[in-house]
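The values are calculated or read from the model by the stated rules, or taken from the named source; none is laboratory data. These figures come from a predicted structure and were not determined experimentally. No Cβ is skipped: glycine too gets one built from the backbone with ideal geometry, and neighbour counts run over all protein chains shown. Areas reflect the complete protein model, heavy atoms only, side chains present, ligands, DNA and RNA absent. Shrake-Rupley method; radii C 1.70, N 1.55, O 1.52, S 1.80 Å.
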Amino acid sequence: MTKDGDKFFERGEPATAFRPFYKRIKAVVHMDMVGGGPETKAVLHVTRGPMSLPSFVHDVAWAFAEFVNEESYKFAATGKTEYPFVAPEGGKEPLRAEYSAYTMGSDHDVYQDSSFGIPAIYLNDWPDRYIHTNFDTAANIDPTKLKRAAFVGAASGYFLAGMNENGAKGALRFVEAFRLQRGTQTELRAQQVMETEAQNLTWQYLDTEIETANSIKKIVPNSITVSEIAFEGAIPQKLSEGYKKPAASPNRDGSSKYRRKPQPNGPLAVFGYDYFADKAKAAGVATPKLLSCEGLWGAGEEYAYEVLNFADGKRNAQEIRDAVSAEYGPVSLELVVEYLRALEKIGVVEAVKEER
């Protein structure tokens, strides 16, 4: 490989074919605050990605975490198992890792932002009673739990780096297995909303599951055929009479489309700096109500992050509203449109004109 600044190209490629380095990255394993011992009260989470970036890589990580959960539980219960994953100086408790919906607050937000679109396996301990305090010391780290988190991350990376067609088929089985787990959560959430929102939630879930299976081809092209995915449970369900797509909104605002501009890259809000607040103040743009919205399963920052991620020039505002409503709880179209227009005023997105 050859390097020119932050651009790389393959041997044999002409020098004009430079590609940004991030486009070469297929997936990321990111750890933030792992290894917390019993004193911290922390639980290891294997966190899925945002709905805007469906990917099978999170199911790969959870498959390894489930394996450690099972083996460590057997060891804690009986004192015997083939893979206890116990450090000599560490604890003997079971891992009890959890497979969690997407949460923000670390570097995985940057990778999975639509500027880059890199799926990130996010391993994190939460809650942590000592985080960001003077009691957050190395003495609170449990070597056993650290070893287990390291295994999940390393095994996931090893599997993904060496994926071939057989690995792709195995990954599809992971997607199918954990689709049922996500489906259970979807059904529980559907009980919390009105019928039309429940219908939207189910449709978005099925659509995301199909795209999750399709994402395998981003690492191993041509490995999974359309017919194989068709037999995977999400497509038959999506086509069934009981899962009709909600009717499109006749609202003119709902049909408007916006496309994210090439700059700026990355999330608008990061530690210590809020790009939107900075630019909006300078442009005299009022703070959109979406930023203070409190949904059933998320809040303003999450809504804003995903609205921008979904602004791809293909989805209209209604479709973006439907997607973020399924992810974080029902939100009005007006709030989504107001935020998109504010983003347009500060130069982050641009309106897409319909072709005639």
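Is it the case that segment 133-146 has a residue that's open to solvent by 40 Å² or more (accessible area, probe 1.4 Å), touching a helix residue (DSSP H, G or I) at 6+ places or on another chain (Cβ under 8 Å) and either in contact (Cβ under 8 Å) with a residue 60 or more places away in the chain or of a type in the set (Phe, Trp, Tyr) (or both)?
no
Taking residue 91, is it in contact (Cβ under 8 Å) with a residue 12 or more places away in the chain and in contact with a Leu (Cβ under 9 Å, 6 or more places away or on another chain)?
no
Quickly run through segment 107-127 and pick out the residues that are open to solvent by 20 Å² or more (accessible area, probe 1.4 Å) and either farther than 30 Å from residue 311 by Cβ or in contact with a Cys (Cβ under 8 Å, 6 or more places away or on another chain) (or both).
Scanning segment 107-127 gives a single hit, 127.
Just a yes or no: is a residue in segment 166-174 at positive phi and open to solvent by 40 Å² or more (accessible area, probe 1.4 Å)?
No, every residue in segment 166-174 fails to be at positive phi and open to solvent by 40 Å² or more (accessible area, probe 1.4 Å).
Please determine, by comparing only the residues of segment 325-346 that are without any contact (Cβ under 8 Å) to a residue 40 or more places away in the chain and assigned to a helix (DSSP H, G or I), which one is farthest from residue 186 (Cα to Cα).
Among them, the one singled out is 341.
Residue by residue through segment 212-224, note down the ones that are crowded, with 22+ Cβ neighbours inside 10 Å and over 19 Å from residue 156 (Cα atoms).
Result: 224, single match.
So, in segment 279-318, exactly how many residues are open to solvent by 50 Å² or more (accessible area, probe 1.4 Å), part of a helix (DSSP H, G or I) and under 21 Å from residue 119 (Cβ atoms)?
Going through segment 279-318 one residue at a time, the tally reaches 1.
Being at pLDDT 90 or above, open to solvent by 60 Å² or more (accessible area, probe 1.4 Å) and of a type in the set (Lys, Arg) is the filter here, so list the residues in segment 241-265 that pass it.
Result: 259, 261.
Within segment 159-175, how many residues are closer than 17 Å to residue 29 by Cα and either of a type in the set (Asp, Glu) or over 20 Å from the mean Cα position of the chain (by Cα) (or both)?
The number of residues fulfilling the criteria is 2.
Restricting attention to segment 49-63, does a residue exist that is at pLDDT below 95, part of a loop (DSSP other than H, G, I, E, B) and not small (Gly, Ala, Ser)?
Scanning segment 49-63, I find no residue that is at pLDDT below 95, part of a loop (DSSP other than H, G, I, E, B) and not small (Gly, Ala, Ser), so the answer is no.
Find the residue count for segment 266-278, including only residues that are surrounded by 14 or more Cβ atoms within 10 Å (Cβ to Cβ) and not in a strand (DSSP E or B).
Residues in segment 266-278 being surrounded by 14 or more Cβ atoms within 10 Å (Cβ to Cβ) and not in a strand (DSSP E or B): 6 in total.
Within segment 280-296, is there a residue that is touching a Pro at 6+ places or on another chain (Cβ under 9 Å) and farther than 19 Å from residue 194 by Cβ?
yes
Any chance segment 42-62 includes a residue that's charged (D, E, K, R) and closer than 17 Å to residue 145 by Cα?
no
I need a count of the residues in segment 175-211 that are farther than 18 Å from residue 221 by Cα, part of a helix (DSSP H, G or I) and open to solvent by less than 50 Å² (accessible area, probe 1.4 Å).
18
What number of residues within segment 67-93 satisfy the criterion of being buried (at least 18 other Cβ atoms within 10 Å of the Cβ) and assigned to a helix (DSSP H, G or I)?
The number of residues fulfilling the criteria is 5.
Touching a helix residue (DSSP H, G or I) at 6+ places or on another chain (Cβ under 9 Å) and at positive phi: is that true of residue 222 in this structure?
Yes.
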